[in-house]
Each structure stands twice: as C-alpha cells, then as structure tokens.
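Data first, discussion second: the structure below is written as structure tokens.
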C-alpha cells in the first residue's frame, strides 16, 4: 500500500495534492446544483481554479474537471453534462467551443512498457491537448493526449481522436478513429 501511494504521488508537492482535493470538493459539490444558479456557481469556482479563464463558460451539471491549474478555457464555451476533463498534461480550450454530453478529454496516458512493473504503479505521462476556437465536439467523443483540434473543426458524435492527432481547420471528422468526412 505504501509503495503504491509513493508511486502515484511521485512528482506532486504536498500543496498541489491539497489543491486537488480542494478543487474536487468545490467542483463536485457544485456539479449537482441545477438551473442557472448552478451554472453561475460553477463558473465562479472555475474562475478561481483554472490556470486561465476568459469570459463566460456554460458548464452543465455533472461535469468533472481535474487538474484545473493546468487548464485554460476561452470565452463562450459550453460543456454539457457527464463530460470528464483531466488536465494532468495541460489542456487549452479556445473561444466559442461547444461540447456535447458524455465526452472524455484526458491529457495523460499510462505507460505500458516494462512488464515487470504493473501499469497500475506507473506514473502518468502528460501530453498537452489543444482545442482551438469555433470547435464543436459531439456527444460520446474521446479526445486522447496530444490531440490538436484546429479552428472550426466539427468532431461527430461517438468519435475517437487518437493521441497526437492533428485535425485540419474547418474540417468535419467522425469515426473511431476519426476520419475526414467533409469541410465547413
């Protein structure tokens, strides 16, 4: 048990771990508050917690956001219910971005090399995700570490944007993994 905790906490300061607990307490307690009042509360908490927050963000109920200190969010961003955002490797979200329900955006990966050490004990590998302006990500999408979704992209529902994939500007993508299906 002690070795497990040491391996998982390696690279994090005590103050950062306290911050993670505090942010989850604030965000989890506010995530269940319905109506516009709940959105206002979540917006205020994110203004305090995010690395950078500009303008208004429309955050629905039951959204989970972790490692907020490593996330920037632009103006007029809508994040719908049951979306999970993990900023362990940094995430930049531009202006005028819409996200459907049940989306996973994770900027950390688990190494699978060296079979002598179980994956469970290995340190997460961070890899920044960039979502530029005027992007729409459909429901049930998964955005993996290192992905770059350029300006004006649409990612269709149920799509997978693989690690280190770069999507072209004003292009429509869908599938698992995503493939170009049109332009806008």
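The values are calculated or read from the model by the stated rules, or taken from the named source; none is laboratory data. This is a predicted model, so every value here is computed, not measured. Here Cβ is always computed from backbone atoms with ideal geometry, including for glycine, and neighbour counts include all displayed protein chains.
Structure notes:
- Breaking point among (1) at pLDDT 95 or above; (2) under 24 Å from residue 145 (Cα atoms), for residue 27: (1)
- Subset of the stretch 133-142 that is more than 12 Å from residue 175 (Cα to Cα) and crowded, with 20+ Cβ neighbours inside 10 Å - its residue that is farthest from the chain's Cα centre (by Cα): 135
- Verdict on residue 134 being under 26 Å from residue 57 (Cα atoms), out of contact with any strand residue (DSSP E or B) (no Cβ under 8 Å at 6 or more places or on another chain), in contact (Cβ under 8 Å) with a residue 12 or more places away in the chain and not in a strand (DSSP E or B): yes
- Filter pass, residue 61 being within 22 Å of residue 176 (Cα to Cα) and part of a loop (DSSP other than H, G, I, E, B): no
- Residue within the stretch 103-119 that is in a helix (DSSP H, G or I) and either surrounded by 18 or more Cβ atoms within 10 Å (Cβ to Cβ) or at pLDDT below 95 (or both) present: yes
- Exactly one residue among 40, 26, 44, 17 is buried (at least 16 other Cβ atoms within 10 Å of the Cβ) and assigned to a helix (DSSP H, G or I), and that residue is 26.
- Residue match in the stretch 79-91 (condition: within 24 Å of residue 109 (Cα to Cα), assigned to a helix (DSSP H, G or I) and under 15 Å from the mean Cα position of the chain (by Cα)): no
- For the criterion of being touching a strand residue (DSSP E or B) at 6+ places or on another chain (Cβ under 8 Å) and either surrounded by fewer than 14 Cβ atoms within 10 Å (Cβ to Cβ) or free of Cβ contacts under 8 Å to residues at least 12 places away in the same chain (or both), residue 52 passes.
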